Ligand SMILES: CCCCCCCCCCCCCC(=O)CSCCNC(=O)CCNC(=O)[C@H](O)C(C)(C)COP(=O)(O)OP(=O)(O)OC[C@H]1O[C@@H](n2cnc3c(N)ncnc32)[C@H](O)[C@@H]1OP(=O)(O)O
Ligand SMILES: CCOC(=O)c1cnc2ccc(OC)cc2c1SCCC#N
């Protein structure tokens, strides 16, 4: 298919796949900041740019409502992501964030927010190079304004604003295939509330299975099995940072987290992110870590339910406790917190526990992309140590 916009961009092009003469690394060099376009790209006449101040409750609510009604749906339109205001505030304000990268489009007449795209700064290691990047997310055009080529303008504008901060690479994911994925991951789902998942039509009763037999199949203990398993606290940040940096160093692409990043991204925040660690009862060493984030979805067109409570596996490290046992404890605490499903990608070492812990493969794929950075050969999901929100 012709990608009229993406074929103009410094990304791996389909025609170049397999061309080993092309070097790994930046595709285009940086340019002097004085040569970066100083003024915003032109929008169609009825629309204007706006910078969304996520510190403002009202603006946060506008962004929340735009996404709640117009963001990503699954292929069967059964669910639509329903990121909470607290989650958006957390996701968009990490250490060193730029308000100017929280970009909205308003209709001039009504002042209504009709489109959105964001970037947050991140240090991403690719093999042995740490690269300053923008993580791009929450690209959304109101359903009534689709297929008007607004997305390329949004993408060019966020690119321009990232360039103005002297950053020349980006990382992003999408459910759609674009030039050119660095890897393609599979979603896996572990039922915690099988009755609800069957009632909404996501899961079906297996052959020769009754509902009570199905409920029993997914039943979990009331409390975690691992001695020393507890919630992460502020004083654990240095130990968790050491543990996570050492673990992530084995992957080809991963975040280069420091203590400030760990405090922001991994310290438990109610209704947003949960993290647990194993402190050895003898040595008091922190030997293992697991975390998941909270991303509810609206259930579309169901009489009995309107919200799906979903937990998403985030970063997990096991050095003493078997990963299988650690993740089973994560499932146990997620069930205690009344999640309906625990989702995970087949990234990092996740494949080693998915089937055994009764995850089922989803029908959606998640493609990972880098902007202006060529990776010579596509990665296996197990070589990827990066989870985007
Ligand atoms: C150095 C810094 C660099 C920073 C920037 C880095 C790059 C960041 C890139 C962004 C990363 C976002 C990551 C992220 O947020 C996570 S992926 C979630 C994206 N959002 C949604 O799916 C929400 C529901 N859908 C919509 O709102 C619209 O359908 C959107 C806005 C998606 C497209 O609006 P539309 O009204 O349906 O379409 P047109 O305006 O007519 O435009 C059609 C063109 O857009 C291309 N398209 C479609 N979906 C895309 C997607 N998900 N990524 C990139 N490109 C996408 C498409 O291939 C075509 O180009 P082509 O003709 O070349 O094929
Ligand atoms: C029950 C398992 O499916 C989901 O949890 C879910 C929920 N909401 C979505 C909203 C948009 C959506 O668009 C791709 C997918 C979902 C999915 S499946 C893929 C995410 C995972 N795991």
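The values are calculated or read from the model by the stated rules, or taken from the named source; none is laboratory data. Since we're looking at a predicted model, the values are computed, not measured. Because the Cβ atoms are built from the backbone with ideal geometry, glycine has one as well, and the counts that use them run over all protein chains shown.
General observations
- Boolean, residue 39 is within 16 Å of ligand 2 (Cβ to nearest atom), in a loop (DSSP other than H, G, I, E, B) and free of Cβ contacts under 8 Å to residues at least 24 places away in the same chain: no
- A count restricted to the stretch 299-323 and to residues that are within 18 Å of residue 338 (Cα to Cα) and outside any loop (DSSP other than H, G, I, E, B) stands at 7.
- The residue pairs whose first member lies in the stretch 1-20 and is over 8 Å from residue 179 (Cβ atoms), whose second member is modelled with pLDDT under 95 and more than 7 Å from ligand 1 (Cβ to nearest atom), and whose beta carbons are closer than 7 Å, counting only pairs six or more residues apart or on different chains, are 20/376.
- Taking the conditions (1) under 26 Å from residue 204 (Cα atoms); (2) at pLDDT 95 or above; (3) out of contact with any strand residue (DSSP E or B) (no Cβ under 6 Å at 6 or more places or on another chain); (4) surrounded by fewer than 22 Cβ atoms within 10 Å (Cβ to Cβ) in turn, residue 327 satisfies each one other than (4).
- Among the criteria (1) surrounded by fewer than 23 Cβ atoms within 10 Å (Cβ to Cβ); (2) within 16 Å of ligand 2 (Cβ to nearest atom); (3) without any contact (Cβ under 8 Å) to a residue 40 or more places away in the chain, the one residue 267 does not fulfil is (2).
- Listed by first and then second residue, the pairs linking a residue in the stretch 290-316 that is at positive phi and surrounded by fewer than 24 Cβ atoms within 10 Å (Cβ to Cβ) to a residue that is assigned to a loop (DSSP other than H, G, I, E, B) and at pLDDT 95 or above, with Cβ atoms under 9 Å apart and 6 or more places separating them unless they lie on different chains, are 301/77; 301/78.
- Residues in the stretch 151-171 that are within 7 Å of ligand 1 (Cβ to nearest atom), in contact (Cβ under 8 Å) with a residue 60 or more places away in the chain and surrounded by 20 or more Cβ atoms within 10 Å (Cβ to Cβ) were compared, and the one that is nearest to residue 75 (Cα to Cα) is 155.
- For the stretch 22-35, a residue qualifies if it is out of contact with any helix residue (DSSP H, G or I) (no Cβ under 9 Å at 6 or more places or on another chain), assigned to a loop (DSSP other than H, G, I, E, B) and either under 16 Å from residue 371 (Cα atoms) or at pLDDT below 95 (or both), and the qualifying residues are 23, 24, 26, 27, 28, 29.
- Total residues in the stretch 188-244, condition without any contact (Cβ under 8 Å) to a residue 40 or more places away in the chain, touching a helix residue (DSSP H, G or I) at 6+ places or on another chain (Cβ under 9 Å) and not in a loop (DSSP other than H, G, I, E, B): 10
- Condition check for residue 30 on (1) surrounded by 11 or more Cβ atoms within 10 Å (Cβ to Cβ); (2) over 25 Å from residue 168 (Cβ atoms): one failure, at (2).
- Qualifying residue in the stretch 220-232 (condition: within 29 Å of residue 363 (Cβ to Cβ) and either within 16 Å of ligand 1 (Cβ to nearest atom) or modelled with pLDDT of 95 or more (or both)): yes
- Counting the residues of the stretch 142-181 that are assigned to a strand (DSSP E or B) and away from ligand 2 (no atom under 16 Å from the Cβ) gives 3.
- From the list 378, 344, the lone residue that is in contact (Cβ under 8 Å) with a residue 24 or more places away in the chain, within 15 Å of ligand 2 (Cβ to nearest atom) and either in a loop (DSSP other than H, G, I, E, B) or buried (at least 22 other Cβ atoms within 10 Å of the Cβ) (or both) is 344.
- Count of residues meeting criterion [within 30 Å of residue 187 (Cα to Cα), in contact with a strand residue (DSSP E or B) (Cβ under 8 Å, 6 or more places away or on another chain), in a loop (DSSP other than H, G, I, E, B) and within 15 Å of ligand 1 (Cβ to nearest atom)] in the stretch 42-77: 4
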